[in-house]
Every structure is written in C-alpha cells, then in structure tokens.
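*Asks:* Sharing a structure below in structure tokens format, with a few things to ask.
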C-alpha cells in the first residue's frame, strides 16, 4: 500500500494539478519585429551597395559629368577604354606587376614571420604584438612616414646605405625603377594581419605529423615540404584570393606617395588611381563607371581561376570544400 502511494506521487499529472509547473508555451516572435531588427542592414545594402551598383552599370553606357543628365552612348566608353585610352593599359600593367610581385612576397614573408614567432619559449605574446602593431597604423600615416624614410635627400634609409659604402643609393619613390619596390616594402612592413592567420595555421598543424616525419628520418626542409606546406595550403589559398582582390584595388599607398614626390612618369599610376582621376578630376562618371565594371570582371575572372585550380594544390584534412 505504501509502495503504491509512493509510485503514484511520482507519476505524471495533468496540467495545473499538483506541484508540476505547466508546460512552457512556444515563444512566437512577430515577423514585423524581425524585419525591424534587420532593417538597418537591409536598407544599408539597398542604399549603399545595390543602388550604386545598378546606377554605375547604367552610367557605364552613358556620358555623364555629374551636372548634365546622362546621355546614352552604348559601348563607346568600352571602345575608348580598349582602343583609345593609353592610361588604361599603363594602369593595368602597373596593377598586374605589383600584384604578381607583392602577393607571393607577402605570402612568403608572412609565413616566415609566423614560423619565427613559433620558436620563442618565453615572451612569445610580446613578440607577436610587436610584429602585429604595424598593421594597425593607418594606411595614409604609414605611407607618409615611408615617403620620408625613403627620401633620397635626407631619408634615413639612404643615409644608412651611404654609411656602408653605397655611393649612389636609389631615389626610391622619385625613380620609376624603384618606386614600386618602395611600395612593396611598405606592404611587407604592415604584414601583421596576414601573419596572424599564418601563425594560427602553423600552430594548428598536428605535432604527431612532425614526430612521424622525424622517425622516418626527414630533414627540416623535408618536414616543411611534405608536412607544413601541405597543411598550410588552405591558409595560402585564403591569403592568395584576398591578396588578388586587394591588389587590384591598390590605391591609397600609391596615391599618397605619388602626391608627395610628383610622379611624373606615372610609375605608381594604378587601375584604382585611374578610376579616381577619371571620376573626380575629369568628372567623367560614365567612363569611370565603365572602368569600375571592367575591374570587377577582371577580379572575378582571376578569382574564379584560382577557385578552379585550388583542387590541384590545396589540401584539406577532411577533403576539398569545393566539389
């Protein structure tokens, strides 16, 4: 009798009976509330992204100077771009050059810096902070500082080269042969953001792979070639894609440096600079829009080629993400 009462006391009861709390009702969120929460993002995308893209696509086929109404000219802007505008090809060549040189150098330098930062046993966080700090400096400020450092008359770089016996140091930003290399050195100085990504990738490589390679008699180079490098290919792939996209939009450093030294040879005249001068100096918004859309197509094609070829050289521990 006592046992049956005890069992009955633990048996489920109807809602509202005994000490058991009623079942919690499902929370219903009105759709209007969800829309209001998302409205800043939605209106931001429409006003600052979608509408400018649609407007620029229309203006690419017009003659528009910001004052008069757009005048439809069809493919005239694109014909002018490819067959009449010599500055277009100059800017494109300069952009391709700095992309082909700076991207591999940034990848190699970031990986080497990250590898060095994995070695210290003490104070590693301090070293990582020191290497990361340059990437936090505003781009305009860093460009102005480097313009002073590489000044051929009183810059500390040339003074140091003269002190070690180099009688005729480079003119850097004033010399068309050296100006792009000065920009590349500026980019390598602010490598901290990319270095952090490579550092995370290196620390994520399983130590068991290195131990297995060591047992097989692998040298340091062989461990890097057959263990580290394959495991780092996803990080290299990411930085390669972002580097291509960023390099085709290269503008601020070149604009500041060329403005400081008067780049008469246009050695630092890149594609984004050509768009800026066309739009905001010549006020040819229609032609600038056509230039911008061609840049989008070039960047898209290069990105798709990288995505297509990554199956051959990118190694994912769980297989390729792109089937």
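Here, each number is a calculation from the coordinates, and none is a lab measurement. Keep in mind it's a predicted model, so treat the numbers as computed, not measured. Note that each Cβ is placed from the backbone with ideal geometry, even for glycine, and that neighbours are counted across all protein chains shown.
*Asks:* Would you compute, for the Cα atoms of the range 95-138, the largest minus smallest coordinate along each principal axis and list the three values in descending order, in whole Å?
*Replies:* Result for the range 95-138: principal-axis Cα extents of 42, 25, 5 Å.
*Asks:* Using only the Cα atoms of the range 125-242, what do you get for the radius of gyration and for Dmax, in Å?
*Replies:* 19.6, 57
*Asks:* What are the equivalent ellipsoid semi-axes of the range 20-125, built from the alpha-carbon gyration tensor (square roots of five times its eigenvalues), in whole angstrom, biggest first?
*Replies:* Working: eigenvalues 406, 304, 19 Å².
One finds semi-axes of 45, 39, 10 Å for the range 20-125.
*Asks:* Expressed as an acute angle from 0 to 90° and rounded to the nearest 10, what is the orientation of the C-alpha long axis of helix 271-280 relative to the principal long axis of the chain?
*Replies:* 80 degrees
*Asks:* Now, a different point. Restricting to Cα pairs below 8 Å that are 6+ residues apart, what does the relative contact order work out to for the chain? Please round to a whole percent. It would help to have the intermediate numbers written out before the result.
*Replies:* Details: 297 pairs, mean separation 84.9, N = 323.
RCO, the chain: 26 percent.
*Asks:* Once the Cα atoms of the range 146-186 are picked out, what are the Rg and Dmax in Å?
*Replies:* Calculated on Cα positions, Rg and Dmax stand at 9.5, 25 Å.
*Asks:* Here's a follow-up. Where Rh is the Kirkwood radius over the Cα pairs of the range 226-323, the temperature 4 °C and the viscosity 1.567 mPa s, what D in µm²/s does Stokes-Einstein return?
*Replies:* Values: Rh = 15.9 Å.
The diffusion coefficient I find is 81 µm²/s.
*Asks:* Moving on. Give me Rg/Rg_expected for the range 70-165, where Rg uses Cα atoms only and Rg_expected = 2.2 N^0.38 Å with N residues. Present the calculation step by step, with values, prior to reporting the outcome.
*Replies:* Details: Rg = 21.5 Å, N = 96, 2.2 N^0.38 = 12.5 Å.
Its radius of gyration relative to the 2.2 N^0.38 Å reference: 1.73.
*Asks:* Where does each of 144-151, 218-225, 71-78 land if you order them by average Cβ count within 10 Å, highest first? Write out the running numbers ahead of the final one.
*Replies:* Numbers: 144-151: 18.1, 218-225: 12.8, 71-78: 14.5.
Output ranking for 144-151, 218-225, 71-78: 144-151, 71-78, 218-225.
*Asks:* Can you tell me the 0 to 90 degree angle between the C-alpha axis of helix 31-45 and the longest principal axis of the chain, rounded to 10?
*Replies:* Helix 31-45 sits at roughly 10 degrees to that axis.
*Asks:* Also: Considering all projection directions equally, how large on average is the shadow of the alpha-carbon convex hull of the range 80-313, in square nanometres? Could you put the intermediate results ahead of the total?
*Replies:* Values: hull surface 65.4 nm².
If I average the Cα hull's projected area over directions, I get 16.4 nm².
*Asks:* Relative to the longest principal axis of the chain, what angle (0 to 90°, nearest 10) does the C-alpha long axis of helix 252-261 take?
*Replies:* So the inclination is approximately 20 degrees.
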